[in-house]
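K.L.:
Have a look at the structure that comes next, please.
The values are calculated or read from the model by the stated rules, or taken from the named source; none is laboratory data. Everything quoted here is computed from the prediction, not taken from an experiment. Cβ placement follows ideal geometry from the backbone for every residue including glycine, while neighbour counts extend to all protein chains displayed. Just the protein is used for accessible areas: all its heavy atoms, side chains included, with ligands, DNA and RNA removed. Shrake-Rupley method; radii C 1.70, N 1.55, O 1.52, S 1.80 Å.
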Amino acid sequence: MATKKKLVQWAPAEVKAALLEKYPPKVARKRAKQIMINEAQQNETPELTANVRTIPGIITMRGCTYAGCKGVIMGPTRDIVNLVHGPIGCSFYAWLTRRNQTDPGPTGENYMNYCFSTDMQEQDIIFGGEKKLAAAIQEAYDLFHPKSIAVFATCPVGLIGDDIHTVSKNMKAKFGDCNVYAFSCEGYKGVSQSAGHHIANNQVFRHLVGLNDEVKPGRYKINLLGEYNIGGDGFEIDRIFKKCGITCISTFSGNSTYDQFASSHTADLNAVMCHRSINYVADMMETKYGIPWVKVNFIGAKATAKSLRKIAGYFGEKELIDRVEAVIAEEMPEVEAALAEITPRTEGKTAMMFVGGSRAHHYKELFDELKMKTISAGYEFGHQDDYEGRQVLPNIQLDADSRNIEELEVEADETRFKPRKSETEMEALEKSGYRFKHYDGLAADMDKGTLIIDDLNQYEAEKLVELMKPDIFCAGIKEKYSIQKLGVPMKQLHSYDSGGPYAGFQGAINFYKEIDRLVNSKVWGFMKAPWQKNPQLSATFAWE
Ligand code: CFM
């Protein structure tokens, strides 16, 4: 293992067969549908099975529905009290571990440092926890007088049937000046955290979006959807927006506030970064308020430039287009200088990425810039459209697990629906190659013959590393040490270990340096002790 060859020869079909070899036939058949040898670019019908239950007994990389709702979507919002109704562990483990950063701003209102929980006990499970929940909401209100309190259900809450929505509604009516609402995001509600995103999107749309009609200053107003300010990514993107003269009304939900959500319907474009977690809100805002959405990606210097141009192109005004070009021209030399220094050391090296529902795709940009090859990638909980593009959406078969998650029925708002562009303007943009409501997915960007694997598990991860010997493996904390023990450096792409930001221009430079450090470190060659490599010890007596 420790002897690293430059180019490992492997045939994708053989690797796939080797991954499935140990499984019982039924499991192997199921898993085979989630392992795709990439040649399916631009398909109409999905080739890869995704967003289905993990087979019991398999140690998945996934998280739960509660994690997707409380941790992912609502977690980074600083001035909403996030109160978890459940046993203390659910709250504690969802507290600050994701490294979403916050700047409390001039008001200083920031509840991120607190861990709010009803701390359910056995007696609450037996006798019901609604009274305890009401008391906890009251206590949080008395202590902090927040504008808003969000309540999150954990597994036992759903099992015993506490009516968190009625409790929240009653408390909201009682307070009069605090918006209280709840999320039925029990951990078991869906097959992964993805269901939690959908539940969060629905409730944010229902209870927050559109509450503040006040028009904010700014000429080019957008929302940045699906950016969570991990390791300060959002701060770097904000810096660039400011420089370009783009006003970000609201971020869903990195370093966000209650008022940002409430005002988000006043923006003129939704720029969607993480398609998986937030496409629901983008679609609903378009239907209700007439705000179009486009996919963007601020991971990778070239991708950042492309996304900025996309935003400028939408507004179509020379002033903005020129300014964006000037910013790109100003930022790129430092990026190029870093690449010129680093790429001779990274060129030709190989990477694997198994992350969430969008990063495995976004980060490929950065590896491309480093001239590294992504030989295998996949999502923990992406849907088929995240892999193969939104054109497969009409052909995705909805199973009972997906139907279990509420779909909001949205109509155009009678007074506030306002198309941001005329039909002819939209057509002209589309004709010039501009694509709204579109995402190509991961497969389109992966080379032919690479392996795309959904819901990779512990066993397959190790097997894959053993067979394909990548120079770096990217995933999360659960994978980190088992991979490193195989002598391959492992970079966390969820929390960034202790690094970041990796978004935007400055972030790209940070990433190049970090990857250079990891793939060129000699330490990985010392993973085996001398006696493991050569078990025959020989010695001589001192007097010989
Ligand atoms: Fe979107 Fe995310 Fe991701 Fe995600 Fe996540 Fe995350 Fe992720 Mo971890 S919202 S899908 S649920 S980009 S927490 S910031 S890194 S798995 S790839």
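K.L.:
In segment 178-275, which GluC sites (Glu not before Pro) fall in coil by DSSP and have 13 or fewer other Cβ atoms within 10 Å?
P.N.:
Glu214
K.L.:
Go through the cysteines of the chain and tell me which have no other cysteine Cβ under 4.7 Å away.
P.N.:
Cys64, Cys90, Cys115, Cys155, Cys178, Cys244, Cys248, Cys274, Cys474
K.L.:
Expressed as a rounded percentage, what relative contact order does segment 4-146 have, with Cα pairs under 8 Å and six or more residues apart? Don't skip to the end; give the middle numbers.
P.N.:
On the way: 93 pairs, mean separation 26.2, N = 143.
Reported relative contact order: 18 percent.
K.L.:
Could you provide, to the nearest whole Å², the per residue accessible area of segment 118-244 with probe 1.4 Å?
P.N.:
Values: 5150 Å² over 127 residues.
Value for segment 118-244: 41 Å² per residue.
K.L.:
At 1.4 Å probe size, put Thr343, Thr424 in order of accessible surface, largest to smallest.
P.N.:
Thr424, Thr343
K.L.:
In terms of Cα to Cα distance under 15 Å, which aspartates and glutamates are near enough to Lys216, apart from those fewer than 8 places away along the same chain?
P.N.:
Excluding near neighbours in sequence, the set is Asp259, Asp268.
K.L.:
Sorted by accessible area with a 1.4 angstrom probe, largest first, how do Thr247, Thr97, Thr257 fall? Mind dumping the intermediate values first?
P.N.:
Details: Thr247 40, Thr97 90, Thr257 20 Å².
Descending order: Thr97, Thr247, Thr257.
K.L.:
Relative contact order of the chain: what whole-number percent is it, with Cα pairs under 8 angstrom and at least 6 residues apart?
P.N.:
On the way: 1036 pairs, mean separation 109.9, N = 544.
Dividing the mean separation by the residue count of the chain yields 20 percent.
K.L.:
Can I ask one more? Among Lys70/Lys174; Lys371/Lys528; Lys70/Lys513; Lys70/Lys310; Lys463/Lys491, which pairs are too far apart, with a Cα-Cα distance over 22 Å? Write down the numbers at each step before the final one.
P.N.:
On the way: Lys70/Lys174 24 Å; Lys371/Lys528 29 Å; Lys70/Lys513 33 Å; Lys70/Lys310 31 Å; Lys463/Lys491 18 Å.
Exceeds cut-off: Lys70/Lys174; Lys371/Lys528; Lys70/Lys513; Lys70/Lys310.
K.L.:
State the antiparallel share, in %, of DSSP beta bridges confined to the chain, rounding to the nearest 5. Intermediate values should be presented prior to the final figure.
P.N.:
Numbers: 6 of 47 bridges.
Bridges in the chain that DSSP calls antiparallel: roughly 15 percent.
K.L.:
While we're here: Rounded to a whole number, what % of the accessible area of the chain do carbon and sulfur atoms account for, probe 1.4 Å? Show your work: numbers first, answer last.
P.N.:
On the way: 12890 of 23990 Å².
Carbon and sulfur together cover 54 percent of it.
K.L.:
List the trypsin sites (Lys or Arg not before Pro) within segment 212-306 that DSSP assigns to loop and that have no more than 12 neighbouring Cβ atoms inside 10 Å.
P.N.:
Working: sites: Arg219, Lys221, Arg239, Lys242, Lys243, Arg276, Lys288, Lys295, Lys302, Lys306; in loops: Arg219.
Of the trypsin sites (Lys or Arg not before Pro), the ones in loops of segment 212-306 whose Cβ has at most 12 other Cβ atoms within 10 Å are Arg219.
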